[in-house]
Structures are given as structure tokens and as C-alpha cells.
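Student: Got a structure for you, written out below as C-alpha cells; questions coming shortly.
The values are calculated or read from the model by the stated rules, or taken from the named source; none is laboratory data. As the structure is a prediction and not an experimental result, all values here were calculated from the model. Here the Cβ positions follow ideal geometry from the backbone for every residue, glycine too, while neighbour counts run over all protein chains shown. These accessible areas exclude ligands, DNA and RNA; they are computed on the full protein's heavy atoms, side chains included. Shrake-Rupley method; radii C 1.70, N 1.55, O 1.52, S 1.80 Å.
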Amino acid sequence: MKALTFTLVSEPPERLDLSPLTPERLAGKARRDIAKIPVGMSKRGSLVGDLFRVAGTDASNIVFEGGSGRFDRLAESMQGGSIRVVGSAGTQAGRAMRGGALTIEGDAGPHAASCMRGGRIEIQGDAGDRLGAPLAGELAGMNGGIVIVRGRAGASAADRMRRGLIAILKGAGDYPGSRMIAGTLVIAGGTGEMPGYLMRRGSILLDRAPKKLSPSFVECGAPDSVFATVIDRYLVREGILKRPLLGSSPKRYGGDNAVLGLGEILFPQ
Amino acid sequence: MPKLKRTLQVNGVKIDDTFAEAFGMRATALLITGPNRKWARQAAISMTGYATSVIGCGCEAAIDVDVPASATPDGRPGCRVMVFAVSTDELAKQVLNRVGQCVLTSPGSACFADLTGVAELKLGTSLRYFGDGWQISKKFGGRHFWRVPVMDGEFLCEATAGLTKDAVGGGNMLLLAANNANALAAAEAAVAAIGKVRGAITPFPGGVVRSGSKVGSKYKGMTASTNDAFAPTLRGVTKSELGPGDNAVLEIVIDGETSDAVAEAMRAGIRAVTELGPEKGASRISAGNYGGKLGKFHYHLKDLLP
């Protein structure tokens, strides 16, 4: 079967809520019914058919030919299958995802992978602020799965992250891993200020020493770490990194001792 | 013992037309790594110590194969260790005790699961408590690890280990020779050959058993006693299986991840013994069985000839 393809006809005139366009929600739907799904967020109320040319039948394999910063809530709560965006996405891409694969070939807006629970998101461009973080009022951010950002990420990536793995390959903004509960955050390319600010548990793996660390972190030396070797090899094997990040004896800082203090920041000596 | 026919011969070594009788067991496999080969093996040897027979040790265990650094998850030399027991509960208890006392304690060691099975035994999930609250859980790549702080850094341990119910214990070969030196040479050749078969172990000291047993005893409470039919000093006073020139017998006991692994190991062992020949090694190969009453796995020597 051919992938169910949404070809963007013109730039959307309003922000779109694309959360209805996931494999499980579109399974068994005819193309003419899909075209009638409302996706516009303003009183204009655009339908799928107003913006996209729909082709193909395989709802488990969805392709958006063309993207936009107005594509919000892409793949929200997706449970399986795949969605590929040939272009950029707006806010909350892959939010609360539980399974399957989301690939964004351009940039993603803020709150990508927010509260994600499973599956895999790959953003080939940059990600906005608060990658994997909770929305206001929510207690925990990303809770499982894997996120790869081939470009940069904005501020507060992995805020209140609880489980899973986020890899950012060209640097992150300020406060990456802030208030982390657990999980693993990998950042190559440098970070902004205060990585791990108020983190309780979890691991932040950096490719270089952080420029500015909260004073409530303490140095723990650089003992041999089998974990560092194992995760290095995993990241290279999965094609996330091209070369090992940490080496066999990374330097370790423990913190944030302003809170629970069971987190760690590792970087090569 | 069933009546034997001695009609087969390979390179001058007689092969009894009999079979080894084996039984189903529970098993798991672990990959133990260390900072170098010496310390990987040291952890593995300690962990598999006093694990020769389920009759008295609770489990049977040994190093299966050495694993090169290029094939381990952490890029360090490792040993694949197999542990066999008669029940899931006993296996779980033995594995946990042995990893906790012998691998956790060994310098620079790490412990990975190396078998995917029908169930999972607790490993790091229980051992993590040694970390006294400082232990760290890590899940990635479909695996779950526990990192336990220790005095030389961290002990990395997989959370669980796979259990197989398809394992087989009790594959065996009896090597009959003119003297002890020849019997030992044959046994060493067989053990070396079996050591190259992945998924099969020889749990006794150096892979060799001198005290082959029969089921039961004249003494109350003894579940096994000496295999008098193959004890040369009893030739003539008991119903012996030994010929006039057979003065020493050694047994190789084999446990396998699968029945095929046991068969392959026995085939490798028989080939090594027959290649050595009767002048330097065994003059006859036999096998232990209880007439088919002990277990459902039968390995006929005639089917395993090189």
C-alpha cells in the first residue's frame, strides 16, 4: 500500500491542530472523509481538504509533503506507525506520543516531545524551547521513548524529564535538564547556562565541560565508568553520534544538591 | 545398566553402542566483563565455583566461552557464563547469590544478561539495594541497567537475566583408558573441544568427573553413590563394565542451552578423543544412562561419531 500523503497546497492561513491526523485516528477512513476533518484553529476553520491534497491509503505510514511552523500538535498521542514531515512543524510535535516514529525533516517548534511516553522522534533541524518538557501545570515532562535533535534545541530542554533519552547534537540553550526527575539527556555542541538546574535524578551527558554550572553541584572525580562506555557505544551504534561522547572515565558532577542531589553531569576529561 | 554391544571403532578407539541419558533443566547465561581478560575470568571463575552438580551444589555452572572485547556491550574482554538448576526458584537464588558475592565484588566487573528466554530472573533489580539509595537506573536500547556505586567506580548490572526451560543437563561421556595419564589426556582433549561449542558447559573441575555416580545407595539419605560398574578396583567383585585392560575411567558431564548444544558438544568431545587414539588417550568411549528412566533426552554415541 502507498503511504497516506498530505501534500501542502499553500501556506496555511491559520495555525493548525493536526492531532487528528495520526495512524490510529485515520485507520479505516476514506480519503473523502479525511478531507472533511477540521484542522484550523481560528474561526476560519480550515478543513484538511482546504489545505492538503490527499493521496495514498496506508494510514500506518503518513507523509506530510511540505511543512510549516503552523503545523501544531503533529503526531500527538500517536501509538504506532510512522509520520514523516518533509518540512518543519509547529508547537507540541509528538506530544504525549506513546509509540511509532515521527520524523521532522525541518525544524520543530516549542514543546516538541512534551510528555512523550514512548516511540521515537527525530528532528533533523532545530527544536524550540522546552523540548520534552511539560505544559504549564503538568508535573512531569518526557516519560519514555527517544528523541534525537540533529540541530540545536532551545532553552529548558528536558525540563522535568522523567524517563527516556533525548539527544541534542548541535547544542542546547540555557537550563537543559532543569528540574529533571530522571532519564538521560545527551548534548553535543555545548550548552547554555546552568545545565541540570534543580535536577533531582537523571544523567546529563555533555561533549565538553559546561560553561557555567549551578554552585550546588559538587565534583565527584573521574572514576572508570562502564556505563559511559556502554551508552557511548549505544549512541554510535544507533547512528545518533558519529564518535563516542564520554570515553571510559568521564568527569562527573553530582547534583543538584539544592534539591535531591542524585543527578549527574558527565563530560569527557 | 543395559547390556552393551561393543562393535564400533574409530581410529582404534572402541565406541559402545549405548547412549547418554539427560534431563530437562532451567538455565540462564550471563556475560561478565572486566578491565582485562584476567579479571573477567577471575569474576567468572569465582562465580562458577562449587557449582559442579545439582546433587549438592544447588546449580551447575561454568564458563561457556570467552568473548572478545569487540563482541561485548562495553568493549572489554568478557566470559559467557551459564548456570543450570532443576527449578526456576533455585536458579534465581543461585544466580543472585553468586553474582552478588562474586561478580559485584570483583574489581572492575560488569554483568550483562546474555540469553533471551521465556521468563526473567532478577539480577540488578535485587542487587541494586547494595547501593543504599545511591544506585541509578538506566534504560536505553531496550535494556535496563542498574549502576551501583562501589569503591573502584560503579558496578553496572543488567536488571534481569533471561531464563530458558529448554536447557538439558546430564549429557555425558565415559572415557576408559589403560591408565590414569591416558584417561586424563583424553578427558582434557574432550573438554578443550567442548569448550569451543557455544551453549554447552562442562561444570565439573576442569570439566572432568572422576566420581561418576549411580542413582541411590545402600545408605539411607544418600541420593547417589559410586558408579561401581566403572570403578576399576571393584572389577570382579561387582557387575563390572570394564575390560581387563581398563584401569582408569573419567567422565565428562555436559549441560547445554538446548538439546542440540549437548549433542554438538558430545560430537566434538568424541571427535577429540578418537583423534587422540588409544595409545595416548582412551581406548574406549561409553556413556552413562539408567535404562532411559532418568530423562527424556538420549544421545546415542553411534549417532555422534565423527
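Student: Would you call B:Leu276 open to solvent by 40 Å² or more (accessible area, probe 1.4 Å), within 29 Å of B:Cys57 (Cα to Cα) and in contact (Cβ under 8 Å) with a residue 12 or more places away in the chain?
Tutor: Against the criterion (open to solvent by 40 Å² or more (accessible area, probe 1.4 Å), within 29 Å of B:Cys57 (Cα to Cα) and in contact (Cβ under 8 Å) with a residue 12 or more places away in the chain), B:Leu276 does not qualify.
Student: Moving on to the next point. Report the residue count in region A:176-196 for those that are of a type in the set (D, E, K, R) and touching a Ser or Thr at 6+ places or on another chain (Cβ under 8 Å).
Tutor: Adding up the residues that qualify gives 0.
Student: I'd like the residue in region A:197-220 that is touching a Ser or Thr at 6+ places or on another chain (Cβ under 9 Å) and within 14 Å of chain B (Cβ to nearest Cβ) and, out of all such residues, is surrounded by the fewest Cβ atoms within 10 Å (Cβ to Cβ).
Tutor: Top of the filtered list is A:Arg201.
Student: Restricting attention to region A:226-250, and to residues there that are more than 17 Å from A:Ile168 (Cα to Cα) and open to solvent by 20 Å² or more (accessible area, probe 1.4 Å), which single residue is farthest from the other protein chains (Cβ to nearest Cβ)?
Tutor: A:Gly247
Student: Just one of B:Asp166, B:Asp246 is out of contact with any His (no Cβ under 8 Å at 6 or more places or on another chain), in contact (Cβ under 8 Å) with a residue 60 or more places away in the chain and open to solvent by less than 20 Å² (accessible area, probe 1.4 Å); which is it?
Tutor: After ruling out the rest, the residue left standing is B:Asp246.
For (1) open to solvent by 10 Å² or more (accessible area, probe 1.4 Å); (2) among the polar types (S, T, N, Q); (3) within 30 Å of B:Leu250 (Cα to Cα), each residue gets a yes or a no:
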position	(1), (2), (3)
B:Leu115	yes, no, no
B:Lys122	yes, no, no
B:Leu127	yes, no, no
B:Phe130	yes, no, no
B:Lys138	no, no, no
B:Leu174	no, no, yes
B:Ile194	no, no, yes
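Student: Quick one: B:Leu184 ticks every box in (1) modelled with pLDDT of 95 or more; (2) on the phi > 0 side of the Ramachandran plot; (3) open to solvent by 10 Å² or more (accessible area, probe 1.4 Å) bar one, so which box is it?
Tutor: Every condition holds for B:Leu184 apart from (2).
Student: Report, by residue number, each residue of region B:71-88 that is closer than 15 Å to B:Gly58 by Cβ, in contact with a helix residue (DSSP H, G or I) (Cβ under 7 Å, 6 or more places away or on another chain) and of a type in the set (Val, Ile, Thr).
Tutor: B:Val83
Student: Grab the strands (runs of 3 or more DSSP E) fully contained in region B:9-89, keeping just those with 1 or more residues being within 14 Å of chain A (Cβ to nearest Cβ).
Tutor: B:19-33, B:78-85
Student: With respect to A:Ser42, is the statement that it is at pLDDT below 95 and not in a strand (DSSP E or B) true?
Tutor: Spelling it out, A:Ser42 is indeed at pLDDT below 95 and not in a strand (DSSP E or B).
Student: Within region B:207-216, does at least one residue satisfy the condition of being at pLDDT 95 or above and closer than 27 Å to B:Gly162 by Cα?
Tutor: For region B:207-216, residues at pLDDT 95 or above and closer than 27 Å to B:Gly162 by Cα: present.
Student: Among (1) at the interface with chain A (Cβ under 9 Å from one of its Cβ atoms); (2) basic (Lys, Arg); (3) open to solvent by 10 Å² or more (accessible area, probe 1.4 Å); (4) closer than 18 Å to A:Arg201 by Cβ, there is one condition B:Arg147 misses while meeting the rest; what is its number?
Tutor: (3)
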